[in-house]
Protein chains: 2
Amino acid sequence: MTEVADRRTDTTSSRPATAGTQPAVDVAALGEQLLGKWADVRRQARELAARPELHKAEGLTHTEHRQRTFGQLRYLVDNNAVHRAFPAALGGSDDHGANIAGFEELVTADPSLQIKAGVQWGLFGSAVLHLGTEEHHRRWLPGIMNLDIPGCFAMTETGHGSDVASIATTATYDAGTQEFVIHTPFRAAWKDYIGNAALDGLGAVVFAQLITRGMNHGVHAFYVDLRDPDTKEFLAGIGGEDDGLKGGLNGIDNGRLHFSNVRIPRTNLLNRYGDVDAEGNYSSSIASPGRRFFTMLGTLVQGRVSLDGAAVAASKIALKTAITYATERRQFTSSSLTEEEVLLDYQRHQRRLFTRLATTYAAAFAHEQLLQKFDDVFSGAHDTDADRQDLETLAAALKPLSTWHALDTLQECREACGGAGFLIENRFASLRADLDVYVTFEGDNTVLLQLVAKRLLADYANEFRNVNFGVLARYVVNQAAGTAVHRTGLRGVAQFVADTGLPQKAAIALRDEESQRALLTDRVQSMVAEAGTALRGASKLPQKEAAAVFNRHQNELIDAAQAHAELLQWEAFTDALGQCTDPGTKTVLTWLRDLFGLSLIEKNLSWYLMNGRLSMQRARTVGGYINRLLVKIRPHALDLVDSFGYTQDHLRAAIATGAEKVRQDEARDFYRAQRASGSAPVDEKSVLARKARDARRS
Amino acid sequence: MTEVADRRTDTTSSRPATAGTQPAVDVAALGEQLLGKWADVRRQARELAARPELHKAEGLTHTEHRQRTFGQLRYLVDNNAVHRAFPAALGGSDDHGANIAGFEELVTADPSLQIKAGVQWGLFGSAVLHLGTEEHHRRWLPGIMNLDIPGCFAMTETGHGSDVASIATTATYDAGTQEFVIHTPFRAAWKDYIGNAALDGLGAVVFAQLITRGMNHGVHAFYVDLRDPDTKEFLAGIGGEDDGLKGGLNGIDNGRLHFSNVRIPRTNLLNRYGDVDAEGNYSSSIASPGRRFFTMLGTLVQGRVSLDGAAVAASKIALKTAITYATERRQFTSSSLTEEEVLLDYQRHQRRLFTRLATTYAAAFAHEQLLQKFDDVFSGAHDTDADRQDLETLAAALKPLSTWHALDTLQECREACGGAGFLIENRFASLRADLDVYVTFEGDNTVLLQLVAKRLLADYANEFRNVNFGVLARYVVNQAAGTAVHRTGLRGVAQFVADTGLPQKAAIALRDEESQRALLTDRVQSMVAEAGTALRGASKLPQKEAAAVFNRHQNELIDAAQAHAELLQWEAFTDALGQCTDPGTKTVLTWLRDLFGLSLIEKNLSWYLMNGRLSMQRARTVGGYINRLLVKIRPHALDLVDSFGYTQDHLRAAIATGAEKVRQDEARDFYRAQRASGSAPVDEKSVLARKARDARRS
């Protein structure tokens, strides 16, 4: 509070003085709330990320950048920063939530570092940990943890990315030698986009179709040595290619791998969920091949969780810089005034930045819930099948929104800073380039949203198992009220939004929490119900026709999944308000939550109108209400980005340092002094204007 | 037509066979129409842009890239590619439209090359040409044209970008020595982001406040020598800084410049629109300082025109690659089928790519109109004040839309190609990085749209000069019908869209050209009228309050300007349909135009509903109608991108070569042969499914 008070009395500050009755944000307390359950781990990780050794060096060739990033991985090992998720017996701490919390903070140092660390410990190491058994852990985890074995997570193929079940690499068991034969049957089956594959990877977890005794048991993971540790040459039968330059993340040596009848011992099968005995008999604790596949892949959800967190962190960095600059930078004048307006006092600028600020808060609170859910499952505290499925659905819902939001925010912030925003010294363009691929890797966002839609449809089908669909078909949109469609997200809606009354009353209703919830929830339920009705019976059609029916509704389904994910963010934001104890902070955060909710409603206003959920009259109040929220939030904008808790060592943007204010003050002082001395030139324009006035008078 | 016919009979082609009654696109004829008035110049420029010497070399350090780009400028000179706009007397051809047409095609080679050429000849050279007089042309143009004098266009300052009128650099006349003293009074007045400033610039056109005899006559342009041609060192009193790495365009040496009482001869004032005699008396052919300023700046509109064209070209390149890939790449299977679906058969994928294809066509046709308008003005054929203002408004309207569209399209295409899209070898990420700054330079897009809004308001005020505003205020949205608000764009709307009837009838109405026009036009008129009413009288308020009133409507004004620009694109597309003679091509293009129009209506559907322009019933048909258009366009997608006329030498994307089809065919053939030989492993999943079926039966 002290800091806030000081600022209020500092009249030269770029922060507008707030009136005595104005609420104030408790920056420190809000900062603590944002740090969440693993606050201490985050603080440690931020301290580390603040060190110059870990910072992205701009302008390197990709060869130099790769070398630097690899060196940084060693630095992380030396600083004990990356072993939290590994078994205590091997020097880790079995702490999955803390591990992700620490890991995602690395994005502020260099996204290449974050992702290369993710490849090594989050994917390669994690696969050995979660898909392997004790002997595998003993043999490989120590070397993976201390980076003696840099390795690859060789799942994706040139021909198959999101559709992992269809990868074409085979692992055929040869009982004669008790070996698996890893083989790439054609070019499309080359492993592709694999981190550590081009240069550093000595080992790999290779995903392949397990074939034994003439039967294909589906995708399994195999440990394969790739390169000679001394010469770094590929071992016999293994080849590859460098993926070369990428749009970003050039500190990582992505590449391609192919295998020509490469033989590995039977025991290199990571056999936690499926095994082959010496004779070639397959066994698994999970009878259903489909469930087995999803269980194996499910252990890898942490990649999505951490991308969600890293995307939020990058959005925070961008907004802190852009909003700071917008409070200092002046542009265009209200004519008679001698001073130009600061950018942040323009309505459009507020809209551009504050709506994204609100979404960033929503995404941050949602991420904290996701991370806690992840920790519940992986710590074993709550790890039923239902918990795991909920976790996966939640990750699949939130990761697309937060990663797209990060790109959108980085771009809008870069544009809001004009030419300065385009300079690498201000970091927007660099972060944006690096985060670009977050929207398609670890699950393509569009594909993930389809998984969410599938889950929503399944839940819908369960809820309505005994309902006469014929009756529902026509008026289903009015019927969903009162029913929880999705356990992890949707709440029961007690009542339909009463939509009558004067515009003033309408605005009050829209900022009412329950009204926002009802509107947002109703939309998800109705969209799912509508799609569910349209698709009912499709599963009984021949597969080709069923696919065609689904395809005709693909766009709606993806939209429904997105609406669901947005509702989850809104609920997380609303939950966070309940945990906020300082009244001033709570008031301001509530405005921000309202801005988030109303922006969602505005974005989908046509849906609310078309479906009779909002009257024309009320719909017309939404824009104006948003504009009034912008004005309310304006005095608190700096506090809201300060609460993110990042220092200049994390921001590293020339325009986040106050340099613009120094320049503006210098310019203002120059003109003041010039006017005071009487040496200022007369303005031709004003002379002509005076003459014109005089002429009119006489 | 031969090519189309051949493809139809090629059943192994990735292009679906079209039924006999289907229309077909005449690719060659459509290509010719797209090339437009300066087709031959474009062909020459594309032939040049196809040469490896001019291609962007990826992975260079920015130092290397700068050297390469500078060398490419010499190559352009040697190949006579950049002098079309200069006077015939000096070896040019006084052909302004052709100059821009050729220039914008360079973007496919390397955007750095396009923009560095733009700095040298389009800005620096153009300023000397258009703001200088004969003696200036004689002295400097030959060296500028042949690159003996690489130079800068030193307008923007660190403290002032879009607000050029407020730049702080001064040029004070000293009658004693008959010199101007160029001076930078403080840090914010350093010239910034100036191409050629960091390294190559020997000369510069410097924009500064002209002060003589104690009066400031506003911004004027001065020719200033910057560096010693031999040592490349700054001359006395001049300093600077390198802007360093940027988000893209790193082939250009942007930098900062500052001047400490640098003296230049009086005659270095580029004096076409304002002059100072030896005694220091100022004179100008344009009495109003405001009009003088805008006239001087107006000569520089060609930058915006060429960015508009280059943005369209980049969008074409991206779509050609992404759509080609989407017809070859297969992903996920309709289960019982042995072959997976090609991406372009997915509804969402069609929506992502075809809506952007439609917008690209609209932007392309609109650009051709802009370029012809530009040529009309600059050739002198039609260059009244009104023509010039229309040209500027048109450029200010179209450049924001096309440059934002290019970034959006490049990004969507990159995402639509997944991990492959992120590899530099497929160019999306590289082009996107380079084009990023197009949205804020040569006029920040948001600022430009405000200029358009201002013009729309002024026209509105003129039209309604004698109308009682009080009467209008409440129901103004219904009143605008029948009135042309903007000469260059808005057409009279003869009738309000009759909005009754069944959904089927509604869909017919929506695809009707006049209905689309009425809806789009009505929205612009109503938004302008509404804002105009709200702002009426604001100009009579004290300036601070007037500014506050404007600010409260800033967001709406920008939205109105955008709606206006979109309407211009739609009108241009519709005009182009009228010029299309082949019936098949016309049918397909009409679907594409409808997709564009309906997408605009869908995007703003809430407006149409809130304002009673569309009924709930009809609004609900829009999405379905768009989906049906996607299906209709699908068989013609490749033709529509082939018509852009770019070759592999322009695309230079690994996935645009047909390589994916080769890989997919190889994979398919492998599995076919495996099945035929009986050596395919049995699938555990299908065995279990069969067992389950058998168990149920018995």
3J(HN,Hα) from dihedral phi, region A:526-534, Karplus parametrisation 6.51/-1.76/1.60, rounded to Hz, x for glycine, proline: 5, 5, 5, 4, 5, 5, x, 5, 5
Average beta carbon contacts from partner chains per residue of A:534-541, 10 Å cutoff: 0
Region A:206-218 - phi-based ³J(HN,Hα) in whole Hz, Karplus 6.51/-1.76/1.60, Gly and Pro as x: 9, 8, 8, 6, 7, 10, 9, 6, x, 10, 8, 9, x
Cα long-axis angle, helix A:543-552 against chain A (0 to 90 degrees, to the nearest 10): 10 degrees
Cα gyration tensor category, rounded, prolate or oblate, for region A:135-251 with a/c compared to 1.5: oblate
For chain B, size of Cβ-based charge dipole, Lys and Arg +1, Asp and Glu -1, in debye: 2600 debye
Helix-derived mean residue ellipticity, 222 nm - over chain B, DSSP H n ≥ 4, -39500 (n - 2.57), to 500: -17500 deg cm²/dmol
Per DSSP, loop GluC sites (Glu not before Pro) in region B:221-279 with at most 11 further Cβ within 10 Å: B:233, B:279
Residue exposure sequence - B:76, B:557 - by fewest surrounding Cβ within 10 Å: B:76, B:557
Inter-copy label distances at residue B:683 (7 Å, Cα→Cβ; nm, one decimal): 7.6
Compactness relative to 2.2 N^0.38 Å, alpha carbon Rg of region A:301-657: 1.04
Exposure proxy order (Cβ contacts within 10 Å, fewest to most) of B:577, A:541: A:541, B:577
Violating pairs (Cα-Cα greater than 30 angstrom) within the set A:56/B:116; A:56/B:232; A:191/B:632: A:56/B:232; A:191/B:632
Rounded tilt (10° steps) of B:96-105 against the dominant C-alpha axis of chain B: 50 degrees
Distances in nm from residue A:135 to the matching label points in the other copies, shortest first (labels 7 Å along Cα to Cβ): 9.4
Degrees, to the nearest 10: B:554-578 long Cα axis against longest axis of chain B: 70 degrees
Charge dipole of the protein assembly as shown about the Cα centre (unit charges at C-beta), most positive-ward option of A:265, B:177, A:319: A:319
Summed side-chain charge close to residue A:363 - residues other than residue A:363 whose Cβ falls under 13 Å, Lys, Arg +1, Asp, Glu -1: -2
Base-10 log of normalised Debye intensity for chain B (one unit scatterer per alpha-carbon) at q = 0.06, 0.10, 0.11, 0.12 Å⁻¹: -0.40, -1.02, -1.18, -1.34
Range of Cα positions in the protein assembly as shown per principal axis (Å), largest first: 110, 78, 72
Least to most buried among B:259, A:441 (fewest other Cβ within 10 Å first): A:441, B:259
7 Å along Cα→Cβ, label-point gaps from residue B:148 to other copies, nm, shortest first: 7.0
Principal axis dimensions, largest first and in whole angstrom, of region B:585-698 by Cα: 64, 54, 23
Region A:126-205 - share of DSSP beta bridges that are antiparallel (%, nearest 5): 70 percent
Per-residue mean of C-beta atoms belonging to partner chains within 10 Å, peptide B:438-445: 3
Inter-chain Cβ neighbour average for residues B:245-255, partner chain, 10 Å: 3
Per-peptide average of other Cβ atoms within 10 Å, ordering A:542-549, A:221-228, A:662-669 highest first: A:221-228, A:662-669, A:542-549
Antiparallel %, DSSP beta bridges [both residues in chain B], to 5: 80 percent
Fraction of beta bridges assigned by DSSP in the protein assembly as shown that are antiparallel (%, nearest 5): 80 percent
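Read-outs: derived from the displayed coordinates by stated rules, not from any lab. This one's a predicted model, so the numbers in the text were calculated from it and none came from an experiment. Cβ atoms come from the backbone with ideal geometry, glycine included; neighbour counts cover every protein chain shown.
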